[in-house]
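Have a look at the structure below, then the notes.
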Amino acid sequence: MATEAGASIGSANDVVLSFVKALNDEDFVTARNCAADDLKFIGVLGHRDSADAYFADMQHMKLKYDIKRVFSDGDDVCIFYDIDMGRATIFSCGWYHVADGKVNSIRVIFDPRPLL
């Protein structure tokens with residue numbers, strides 16, 4: 001994971017960056033500990049309505065995130081990153097919301113055409 005520059009230090013940043021680092025390291029136990037049970041994921045190619053469903057996908061896909069820039073506003077953290085999806089690396093934007101110290105929603109947007 002690339003070190004992000006310019007992000008203020010705060011609990012939401014810490015939680016989200018720990019979450020992404022754990023995913024990069026394939027440390028799914030640590031990543032899961034950063035996520036709320038009722039995690040909601042909305043992406044270009046689908047959605048998941050629980051942390052268990054989300055992590056079942058993540059353990060299979062083993063995506064790698066190369067962080068380019070981090071922005072935050074209170075409990076919301078936005079990350080621009082390149083996601084290595086195996087057959088393609090896609091520039092993406094993820095919007096993470098943290099509640100009670102855990103990621104409880106993720107919205108990711110990108111151009112899916114290289115994957116289709």
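Counting only other residues whose beta carbon sits under 14 Å from that of Gly43, what net charge do I get with K and R as +1, D and E as -1?
Every neighbour counted, the sum reads 0.
Between Asp14 and Asp111, what FRET efficiency follows from the Cβ-Cβ distance if R0 is 30 Å, with the result rounded to 0.05? All intermediate terms of the calculation are to be shown ahead of the outcome.
Numbers: r = 30 Å, r/R0 = 1.00.
Once the sixth-power term is evaluated, E becomes 0.50.
Grab the other residues whose beta carbon is less than 15 angstrom from that of Lys64, score K and R as +1, D and E as -1, and report the net. Spell out each step's value before the answer.
Numbers: positive: Lys21, Lys62, Lys68, Arg87; negative: Asp25, Glu26, Asp27, Asp57, Asp66, Asp82, Asp84.
Net local charge, Lys64 excluded: -3.
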Treat the count of other C-beta atoms within 10 Å as a stand-in for reagent exposure and order Leu116, Leu17 from fewest to most.
Leu116, Leu17
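Between Cys78 and Ser50, what FRET efficiency follows from the Cβ-Cβ distance if R0 is 30 Å, with the result rounded to 0.05? Mind dumping the intermediate values first?
Details: r = 23 Å, r/R0 = 0.77.
With a Förster radius of 30 Å, E is 0.85.
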Fluctuation leader among Ala51, Ala12, Ala99 - the chain, Gaussian network, Cα springs under 10 angstrom
Ala99
State the answer as a single residue: which of Asn104, Leu23, Asn33 lies farthest towards the positive end of the charge dipole of the chain, with beta carbon charges of +1 for Lys and Arg and -1 for Asp and Glu, about the Cα centre.
Leu23
Which of the aspartates and glutamates could a cross-linker bridge to Lys64, judged by Cα under 16 Å and excluding same-chain residues fewer than eight apart?
Glu4, Asp25, Glu26, Asp27, Asp82, Asp84
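Read the figures in this text as sums done on the coordinates, not as results from a lab. Just so you know, these numbers come straight off a predicted model, no measurement behind them. Here the Cβ is made from the backbone with ideal geometry for all residues, glycine too, and neighbour counts use every protein chain on show.
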